[in-house]
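The values are calculated or read from the model by the stated rules, or taken from the named source; none is laboratory data. Keep in mind that this is a model prediction, so the values were computed, not measured. Ideal geometry is used to build each Cβ from the backbone, glycine not excepted, and the neighbour counts take in all protein chains shown.
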Amino acid sequence: MQTFRVIQPSDILKPFIRYYWILQSSSSGSVSQRTLPMGCASLVFHRGERLRIINRQELQPRSFICGQESGYSEIIATGNIEMIVVVFQPHTAKMFFGMPVNILRDRNVALSDIGDMALLDLAKKIEECEDQDACIDLIESYLCKRLIHETSYHLPRLAEVIRYINNSRQGNIKTLADISCLSEKQFCRVFSDNVGTTPKEFMRIVRLQRILSAMQHNPEIGFAQLSYDCGFTDQSHMIKEFKLFSGYTPKEYIVRHSPVSDYFTY
């Protein structure tokens, strides 16, 4: 049995938090799932059995920050799973954690390794709280307190850059730097510190999510049309790029998985 819920943040947090999701699942055996890069950092709380990442040969911490991913992860779930996850806007995680998020790239960093006592206290409360909705209230209270004390001069300009990338099939560093009103060198540094990856790689991840969204909403779409709609120069380029991120060609992927874009759906 499995239940999955997506919860929208309060109005004050919407510019900073994309959504929360809660997964509860029970199984007598093991279940495998391949996750793809989605373009956002997240804060994860396990209240049940933890997940094992096969291709990294590691067990996820009890509570942790998940940085930007550059490739797929093969995850195995066993037993009773209960997860509560905060998904940040692509450019806002640094504001809440007080560190450049590029150091979190391809890492699951346990909260116990960060040394933030307020965050550790939140994790303890989440583990002890019986009601899932009350857990979301605890998380929102913590985030709102951080919001009062932390500000970032670069957030508005980065928000405009992210909006442009989301709405454009193609882009380049000069255009993005112009939108941010920064030099190209300064823009790339600010972007990496706040988003956790380079502008070029982030655009590639968003384009991957655009492919997933197109396949999700139009299962009959041909690959030639798919590559054009998602801004690729040709079909072979699209297939190669998709396989670099997912380990499968688009055709192989849809045989094994139901395409869903975590970035464009919620």
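Using the structure shown, decide if Q170 is among the polar types (S, T, N, Q) and in contact with a strand residue (DSSP E or B) (Cβ under 6 Å, 6 or more places away or on another chain). The answer is no for Q170. Among the residues that make up the stretch 130-146, is at least one of them surrounded by fewer than 12 Cβ atoms within 10 Å (Cβ to Cβ), farther than 23 Å from P15 by Cα and assigned by TED's automatic domain parsing to the domain that holds R18? Yes, the stretch 130-146 has at least one match.
When restricted to residues that are in contact with an Asp or Glu (Cβ under 7 Å, 6 or more places away or on another chain) and of a type in the set (V, I, T), the stretch 153-204 contains 2.
Given the options V260, V255, name the one that is within 20 Å of the chain's Cα centre (by Cα) and either over 20 Å from C40 (Cβ atoms) or in contact (Cβ under 8 Å) with a residue 40 or more places away in the chain (or both).
Of V260, V255, the one residue that is within 20 Å of the chain's Cα centre (by Cα) and either over 20 Å from C40 (Cβ atoms) or in contact (Cβ under 8 Å) with a residue 40 or more places away in the chain (or both) is V260.
Helices (runs of 4 or more DSSP H) fully within the stretch 185-258 that include at least 3 residues being assigned by TED's automatic domain parsing to the domain that holds A93 and out of contact with any Phe, Trp or Tyr (no Cβ under 8 Å at 6 or more places or on another chain): none found. Restricting the search to the stretch 54-92, which residues are in a loop (DSSP other than H, G, I, E, B) and either on the phi > 0 side of the Ramachandran plot or among the hydrophobic types (A, V, I, L, M, F, W, C) (or both)? Passing the criteria: only Q57.
Report yes if V6 is among the β-branched types (V, I, T) and either at pLDDT below 95 or part of a loop (DSSP other than H, G, I, E, B) (or both), otherwise no. Don't jump to the end; show me each part of the working.
Working: among the β-branched types (V, I, T): yes; either at pLDDT below 95 or part of a loop (DSSP other than H, G, I, E, B) (or both): no.
In short, no.
May I ask you to say which residue of G39, G71 is crowded, with 17+ Cβ neighbours inside 10 Å and in contact with a helix residue (DSSP H, G or I) (Cβ under 8 Å, 6 or more places away or on another chain)? G39 is the lone residue from the list that is crowded, with 17+ Cβ neighbours inside 10 Å and in contact with a helix residue (DSSP H, G or I) (Cβ under 8 Å, 6 or more places away or on another chain).
Taken over the stretch 56-68, the residue count meeting the criterion of being in contact (Cβ under 8 Å) with a residue 60 or more places away in the chain and over 17 Å from P100 (Cβ atoms) is 2.
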